[in-house]
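Structure first, then comments.
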Amino acid sequence: MAFKTLRTASFRNLSDTEVDIRAKDIFLVGENGQGKTNFLEALYFCSYAASFRGVRDGDVACTGEKDFSAEVKLSGSLYENILVKFEKGKKIVLIDGKQAEDRKELLEISPCIVFCHEDMEFVAGTPERRRWFFDQNQSLYDPVYLDDLRRYRKVLKSRNAVLRDGQDKSILDALDPQLATYGLRLMEKREESARRFSETFGPLYETVAGIGGIAVRYTPSWKAATLGAAMAFLEERREADLSAGISLSGPHRDRYSFTRTGADFSAKASTGQRRLLALLLRIAQACRFSEMTGRNPVLLLDDVLLELDPEKRRRLLEVMPGYDQAFYTFLPEEPYERYRKSDTLVYTVQGGQVFDQNTDRGDP
Ligand SMILES: Nc1ncnc2c1ncn2[C@@H]1O[C@H](COP(=O)(O)OP(=O)(O)OP(=O)(O)O)[C@@H](O)[C@H]1O
């Protein structure tokens, strides 16, 4: 699947036009703060109906506006058009003009993998951010996992409400088996997935950074492998949960870490090594996605090459995963011409306007 055109309306600072993006590689070149990342964000919106910058939908609308939309036409897909619009405080996803019931339907159609500054949080940020990454990773190719995750969160929310408000404790007796059931399903998949992810991630890190033995370690919060054991675990901790007014254990407290030959790696890693960890997490994600689905993703690479020294940049380009389309952002002074292929489309972005730099292009 690839995008043919992107049309935005009141989307951050982008001007309300349609841009032709019919190419495998598209370069967006511009000074800081001109709208390159906003362009990638608009594409991402058509892929997940959410921003990758962790902002509320309303903040994406151009200053002074309340509503906005992003729309793409597709090639290599059963579908032709995706429109995501935010109107009167409500988000609507239209696939070929038909309203989607659940935005997860988009995952099957337009899978994008974004590489951005915020990815550093998966390495240097809170355990929650790392969980988010690995949950997203699994959800990209495993809709059952996403359903279980949503169900787990729903039960957890009810359980926390009971713990907080001191409601009838018998409700906890009813909720705990559900929490344990969904929680165990998540744990099983996380265990397997961390192991499989490491098999891809470790060798990638070794190739680009020259450091072997890197793996992802998954540490579940419940020390339990069966429903009975998980229930016993919850029972044992119920008093502590009641006094805290919140569920203190469960998959929402699971941890992921990066290890080298068994010892923690990220805490001692240099900034450059951490940056590479973050970058290669996304590359491994793209590889895993292709392995599991037999399809290639669209890559959105925001200032990725800028942060690497020339040798790492060269090695990174060597391990780039298979993709159907890739969008790269560059500053004007970067040597982007060096990476340009004969069919690469180059646009400059200035003040939210996207200018075509492909003068030799014939009629599309
Ligand atoms: N909701 C909004 N409405 C209007 N303009 C916005 C909105 N949100 C951000 N902007 C503007 O968008 C611009 C930032 O664009 P963007 O984040 O795409 O930068 P960029 O070109 O990728 O540069 P950098 O390399 O610094 O990330 C800023 O000028 C900012 O004021």
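No lab work stands behind these numbers, since they all come straight from the coordinates. Quick caveat, the model's predicted, so the values are computed rather than measured. Heads up, the Cβs are rebuilt from the backbone with ideal geometry, glycines too, and the neighbour counts pull from every protein chain shown.
Quick notes
- Peptides ranked, highest mean first, by Cβ atoms within 10 Å: ranges 74-81, 163-170: 74-81, 163-170
- Cα long-axis angle, helix 143-165 against the chain (0 to 90 degrees, to the nearest 10): 50 degrees
- Dipole magnitude of the range 142-257 about its Cα centre (Cβ charges: Lys, Arg +1; Asp, Glu -1), debye to nearest 20: 240 debye
- Residues D302, D264 in ascending order of nearby Cβ atoms (within 10 Å, fewest first): D264, D302.
- Computed over the chain, the per-residue total of -39500 (n - 2.57) for DSSP H runs of n ≥ 4 gives a 222 nm mean residue ellipticity of -13000 deg cm²/dmol, rounded to 500.
- Table column - 3J(HN,Hα) (Hz), the range 206-216, Karplus curve with 6.51, -1.76, 1.60, x for Gly and Pro: 5, 5, 8, 9, x, 10, x, x, 7, 9, 9
- Applying a threshold of 26 Å to the alpha-carbon distances of K73/K98; K24/K312; K4/K189; K36/K312 flags K4/K189 as lying beyond it.
- This ranking places H252, H117 by how few other beta-carbon atoms lie within 10 Å of each, fewest first, which gives H117, H252.
- Cross-link reach list, lysines versus K157, counting only Cα pairs under 17 Å and skipping chain neighbours closer than eight places: K169
- For the chain, with +1 on Lys and Arg beta carbons and -1 on Asp and Glu, the positive-most of F197, F86, G30 along the dipole: F197
- Using only side-chain charges placed at the Cβ, +1 for Lys and Arg and -1 for Asp and Glu, the dipole size of the chain relative to its Cα centre rounds to 820 debye.
- Take every Cα pair under 8 Å whose residues are at least 6 apart in sequence, average their separation, divide by the length of the chain, and the relative contact order is 25 percent.
- Relative contact order (%) - the range 286-364, alpha-carbon pairs under 8 angstrom, separation at least six: 26 percent
- Percent antiparallel among DSSP beta bridges (both partners in the chain, rounded to 5): 70 percent
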